[in-house]
Amino acid sequence: MAAFLTASAAFVMAMVALGLLRVLRGPGRADRVMAVQLLGTGGIAALLLGGVGGGLWAAVDFALVLALLAAFAAVAFVDGARRAGRPDP
Amino acid sequence: MTAADIFTVACVVAGGFFFLAGSVGLLRFPDALTRLHALTKADNLGLGLIVLGLLPQVDGVFAALKLVAVWLIAQLASASVTQLVVSVIRRDEDAA
């Protein structure tokens, strides 16, 4: 069971890597942020799987922090996009 | 393979499938809005299924609640961030 969970964590990370291609190809900047959002969500899933599979409970707390930071990253992007051209306060 | 293990395997495989769907949707869909839709829906469902699948593997109610808390925060963050990103997409489309 632990091997299965760890293998599925690797699979999820492979999906995230696949999704990150959008960062290279994405025409718009919003597409790139979406790929980073996918990295956040996929990272959380892989952390949970790897943590529970490997018996490392700290990974669950780490996933909690990553969930918050992923949101802040996207909010920072939106704030920067809205502020384009104007100087920072 | 107890019932809990079978349930876990089924849910985690379904979760992985939705991550696959989300990634493929992100790569294949024509414009930004459909990609965002595919990404947000599929990934949150994938994460939810994975958390659901992990619940029986966790010993203790507190750890299970922590897993659900992770999923809840990811849901709330994803919902609000999607609205923000759409505002940027609209802005870019108007500018273009």
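Computed quantities for the displayed model
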| quantity | calculated |
| --- | --- |
| Boolean, residue A:45 is in a helix (DSSP H, G or I) and either within 9 Å of chain B (Cβ to nearest Cβ) or buried (at least 22 other Cβ atoms within 10 Å of the Cβ) (or both) | yes |
| Set B:79, B:42: member being assigned to a helix (DSSP H, G or I), touching a Gly at 6+ places or on another chain (Cβ under 7 Å) and farther than 21 Å from residue A:53 by Cα | B:42 |
| Yes/no for residue B:30 being surrounded by fewer than 17 Cβ atoms within 10 Å (Cβ to Cβ) and not in a helix (DSSP H, G or I) | yes |
| Any hit, region A:25-37, residues being under 19 Å from the mean Cα position of the chain (by Cα), in a helix (DSSP H, G or I) and farther than 20 Å from residue B:92 by Cβ | no |
| Hey, residue A:58 over 26 Å from residue B:52 (Cα atoms), among the hydrophobic types (A, V, I, L, M, F, W, C), open to solvent by 10 Å² or more (accessible area, probe 1.4 Å) and more than 7 Å from chain B (Cβ to nearest Cβ) or not | no |
| Residue check, residue A:74 crowded, with 22+ Cβ neighbours inside 10 Å, at the interface with another protein chain (Cβ under 9 Å from one of its Cβ atoms) and at pLDDT 90 or above | no |
| Verdict on residue B:79 being within 21 Å of residue A:42 (Cβ to Cβ) and at pLDDT 90 or above | no |
| In region A:32-42, the residues that are aliphatic (A, V, I, L, M) and open to solvent by 10 Å² or more (accessible area, probe 1.4 Å) | A:33, A:36, A:39 |
| Qualifying residue in region B:44-51 (condition: open to solvent by less than 60 Å² (accessible area, probe 1.4 Å) and more than 11 Å from the chain's Cα centre (by Cα)) | no |
| Residues located in region A:1-14, provided they are under 17 Å from the mean Cα position of the chain (by Cα) and open to solvent by 20 Å² or more (accessible area, probe 1.4 Å) | A:10, A:11, A:13, A:14 |
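The values are calculated or read from the model by the stated rules, or taken from the named source; none is laboratory data. Values in this document were obtained by computation on a predicted structure and should not be read as measured data. When we count neighbours, we look across all protein chains shown, and the Cβ atoms used for this are built from the backbone with ideal geometry, even at glycine. To get the accessible areas, we keep the full protein, side chains included, count just its heavy atoms, and leave off ligands, DNA and RNA. Shrake-Rupley method; radii C 1.70, N 1.55, O 1.52, S 1.80 Å.
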